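Have a look at the structure below, then the notes.
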Amino acid sequence: MASISMKNIVKKYGDGFPAVNDVSIDIADGEFVILVGPSGCGKSTLLRMIVGLEDITSGDMMIGDRKVNDLAPRDRNLAMVFQNYALYPHLTVFENIAFPLRLAGASDSEVTEKVNAASKTLELDEHLQRKPGNLSGGQRQRVAMGRAIVRDADAFLFDEPLSNLDAKLRGQMRSEISRLQKRLGITTVYVTHDQTEAMTLGDRVAVLKRGILQQLASPRQLYTNPGNLFVAGFIGSPPMNFLPAKVSGTSVELPFGTVQIPQDKADKVSGAAANGLLMAGIRPEHFEDAAVVDAAREGSTFRAKVDVVEWLGNEAYAYIPFEAPDEVRGQLEQLERDLDGESLRTQLVVSLDGTSRIAEGDEAEIWVDSSKMHLFDPATGENLT
Ligand code: ATP
């Protein structure tokens, strides 16, 4: 197995905007790293440059301590698992897994030994004589991984392997990949546009936008401490709410009223706040129906007219319309485009406990944990808190 190190990787197709723009990522031996971002952000291009299916315009690609920029894909000893698994339909599971060994001229006894060992690990031993057409999606995925295991590949590379599956199967496959990766301890790079996959699978997640690495961090860090507006809006569902904020000391004036933030947050933004409006970011779950919040719990309350309530049993989402003022409208519109069209400008989404009695049309009292509020520089998008 091996580490993978990308140093200032650039990919240009023709004269246009770089598809990958100065990306540096160090992946440790055995680590599971996700490349995530909206369509066209360059994640597949980056993966293809690791495997060698795409030339690198500039920068260094290292696998272990070998520079592989000019190595052919077959000499990089990596195993790519594609969306359609690329299995041979006319060959049995055994022969599909054995394929790379046969290609390398391995003896029959070596083939049998390695295929048996891999199929045990992957719990495929009962299916070795079947053809791929008779396997479930999950089993096919495991055959594709088996092919990688028998080769003793240095790393697994996955390109959106689950995007053709329905939601239920996707969930099962996700936990299966995670379990196998942990068991095998093999370095893994996994491309997806699905933030749930990114958050549940990776040790670390690299968020990309238009070829530029936005943040590389653990799922928890990305969620609790997003580096900028884009990451904050991309990670989390329903997405974080963004609201124009006038900050003065520890008071933050939002479209619904004024809330208080802790002194340390106020100190961090005092310079930027002096220049005008900031952008506040508050996740839906940091709101609550004031009637169900313990009165001793610190936070702020405000009154707002609730437009729609979606009750889901254990929780409910309330939608509260608002109009973003001109000063931040452009920034929010840009963010909506970057995030593929979420309606960030026009409504606040708040999560309520399932026991809440707030109903559509109510002028409700809403509580907010303002200590969890992020404040962003609206011009650069940087998280100041
Ligand atoms: P998706 O999720 O839609 O596959 P992605 O994030 O994987 O998107 P890439 O496929 O890496 O994005 O593409 C990044 C950018 O490079 C896009 O703007 C795309 O149009 C461009 N691009 C990709 N391949 C080529 C190519 N062979 N020639 C020219 N431009 C390309």
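Per-structure values
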{"read-out": "Conditions (1) within 16 Å of the ligand (Cβ to nearest atom); (2) loosely packed, with under 14 Cβ neighbours inside 10 Å; (3) not aliphatic (A, V, I, L, M): number failed by Arg74", "value": "(1)"}
{"read-out": "Residue check, Thr224 surrounded by fewer than 23 Cβ atoms within 10 Å (Cβ to Cβ) and away from the ligand (no atom under 16 Å from the Cβ)", "value": "yes"}
{"read-out": "Answer residue from region 1-23, given it is in contact (Cβ under 8 Å) with a residue 40 or more places away in the chain and within 11 Å of the ligand (Cβ to nearest atom) and is farthest from Asp152 (Cα to Cα) among those", "value": "Phe17"}
{"read-out": "Condition met for Leu101 (more than 11 Å from the ligand (Cβ to nearest atom), of a type outside the set (Asp, Glu) and more than 26 Å from Arg174 (Cβ to Cβ))", "value": "yes"}
{"read-out": "Ala316 vs. criteria over 26 Å from Pro262 (Cβ atoms) and either in contact with a Ser or Thr (Cβ under 7 Å, 6 or more places away or on another chain) or not assigned by TED's automatic domain parsing to the domain that holds Pro238 (or both)", "value": "yes"}
{"read-out": "Residue satisfying condition, being closer than 20 Å to Leu35 by Cα and either touching a strand residue (DSSP E or B) at 6+ places or on another chain (Cβ under 7 Å) or of a type in the set (Phe, Trp, Tyr) (or both), within set Phe242, Phe256, Phe156", "value": "Phe156"}
{"read-out": "Hits in region 24-58 - residues which are within 10 Å of the ligand (Cβ to nearest atom) and in a loop (DSSP other than H, G, I, E, B)", "value": "Gly37, Pro38, Ser39, Gly40, Cys41, Gly42, Glu54"}
{"read-out": "Leu157, sole failed condition from (1) within 30 Å of Pro238 (Cβ to Cβ); (2) within 16 Å of the ligand (Cβ to nearest atom)", "value": "(1)"}
{"read-out": "Residue that is among the small types (Gly, Ala, Ser), surrounded by fewer than 17 Cβ atoms within 10 Å (Cβ to Cβ) and under 34 Å from the mean Cα position of the chain (by Cα), where the choices are Gly59, Gly133", "value": "Gly133"}
{"read-out": "Exclusive hit being among the basic types (Lys, Arg) and touching a Ser or Thr at 6+ places or on another chain (Cβ under 9 Å), set Lys372, Lys305", "value": "Lys372"}
{"read-out": "Flag for Gln195 being surrounded by fewer than 24 Cβ atoms within 10 Å (Cβ to Cβ), away from the ligand (no atom under 16 Å from the Cβ) and assigned by TED's automatic domain parsing to the domain that holds Val51", "value": "no"}
{"read-out": "Residue match in region 356-370 (condition: crowded, with 18+ Cβ neighbours inside 10 Å, over 31 Å from the mean Cα position of the chain (by Cα) and outside any loop (DSSP other than H, G, I, E, B))", "value": "yes"}
{"read-out": "All positions within region 227-239 that are assigned to a loop (DSSP other than H, G, I, E, B) and among the polar types (S, T, N, Q)", "value": "Ser237"}
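The values are calculated or read from the model by the stated rules, or taken from the named source; none is laboratory data. Bear in mind the structure is a predicted one, so any value in this text is a computation, not a measurement. Glycine also receives a Cβ, built like all others from the backbone with ideal geometry; neighbour counts cover every protein chain displayed.
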